[in-house]
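These notes concern the structure reproduced below.
Values quoted throughout were computed directly from the atomic coordinates according to the rules given, and no laboratory measurement underlies them. If you're wondering where the values come from, they're calculated on a predicted model, not measured in any experiment. Note that each Cβ is placed from the backbone with ideal geometry, even for glycine, and that neighbours are counted across all protein chains shown.
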C-alpha cells in the first residue's frame, strides 16, 4: 500500500449561489473523515470569502479554480495567486481541460501558472489529460509527455515536489463515462514513470489523482489502484453526501 496520503478536491465549477455555497461547505465540513484524506473544496472566486469563513477550524482546505500567471498589472478581470492566498486558499487548479479547451490555454501557459502558484506559496492541482480522439489515435503517451514536458522545461522536475497532478481524461468529464480502473491506473503509472526517469524520489512522493465522473459507487475501486492517490471531483462534489462518501472511500489508502 502506498504511503502517499490521499487527496480529494471538489471542483464546484460555475455553480452555487452565495447561500448555497455556504450550505454546501457546511455540509461537507461536518461530514468528512479527516483521517481518510487531505480534502479541499474549490468554489468560484466570488464565494471564496464566505466559504473560507465556514472552513475556519475544520479539516477541509480552500482552493481556487484558476488564477492569472501575472501577479499584478493591467490585466482586467484576472485574479492572481497572491490575491487568492489572502482569501485563505491553499490550492489552485491549473490547466483544467475546460480551461485548455474553452479558453485555449496552452501547456506553456499552464506551466507558467503552476510556477506562479508555487511562488505564491500555494499548491497547484496540475491537470493533464487527453481527448477521445487523441486516445483513439493512440496518442495518450505523447499528450501526457507534451503537457508534463512544458512544466519540466520551465521549472525542472523539482516543480513536482510541491504540486498534485490530476489526470482527467477529457472524454470522461461530465459525460457519466468513467475510465476503467485499469485504464486510469495505466496512465497514472505512465505519469509516475516519466517523473521517475528524472527523479525517483520525487516520483514516489508525487500524488496523482483521477478526475473523470468519480462517484461514490466507483471511488473505492479507483482509489485501490497502486498509482491513484485520490480524486478531483466535479459533478459529485455538488452533492454533500456524494462528496463525503467519495472522500471517505479513500480511507483504505490512508
Note to self: How far apart, in nanometres, would the label points at residue 155 and residue 75 be if each is projected 7 angstrom from Cα along the Cα-to-Cβ direction?
What the structure shows: 1.4
Next item on the list: Could you work out which residue, out of 59, 43, 124, moves most in a Gaussian network model of the chain, that is, has the largest mean-square fluctuation with Cα springs under 10 Å?
Entry: 59
Next item on the list: Can you give me the three principal axis dimensions of the chain from its C-alpha atoms, in Å, biggest first?
Entry: 46, 45, 34
Next item on the list: Would you mind giving the three semi-axes, in whole Å and largest first, of the ellipsoid equivalent to segment 160-213 according to its Cα gyration tensor?
Entry: 23, 11, 7
Notebook entry, point to check: What does the highest-first list of 72-82, 223-233, 14-24, 183-193 look like by mean Cβ count within 10 Å?
Noted result: 223-233, 183-193, 14-24, 72-82
Check: Taking 1 over the mean of 1/r across every pair of different Cα atoms in segment 115-185, what Kirkwood radius in Å do you get?
Finding: 13.4
Note to self: On a full-extension model of 0.36 nm per residue, what is the gain between residue 180 and residue 53, subtracting their alpha-carbon distance, rounded to one decimal in nm?
What the structure shows: 41.9 nm
Next item on the list: Kindly identify segment 4-43 as rounded, prolate or oblate by the Cα gyration tensor criterion: order the square roots of the eigenvalues as a ≥ b ≥ c, call it rounded if a/c is under 1.5, otherwise compare a/b with b/c, prolate if a/b is larger, else oblate.
Entry: oblate
Next item on the list: Mind jotting down the distance between the C-alpha centroids of segment 23-93 and segment 137-199, whole Å?
Entry: 24
Checklist line | Relative contact order [Cα under 8 Å, 6+ residues apart], the chain, whole percent | finding: 25
Check: What is the antiparallel percent of DSSP beta bridges lying wholly in the chain, to the nearest 5?
Finding: 0
Note to self: Per q in 0.15, 0.22 Å⁻¹, report the Debye log10 I(q)/I(0) for segment 67-177, using one uniform scatterer on each alpha carbon and no solvent.
What the structure shows: -0.65, -1.22
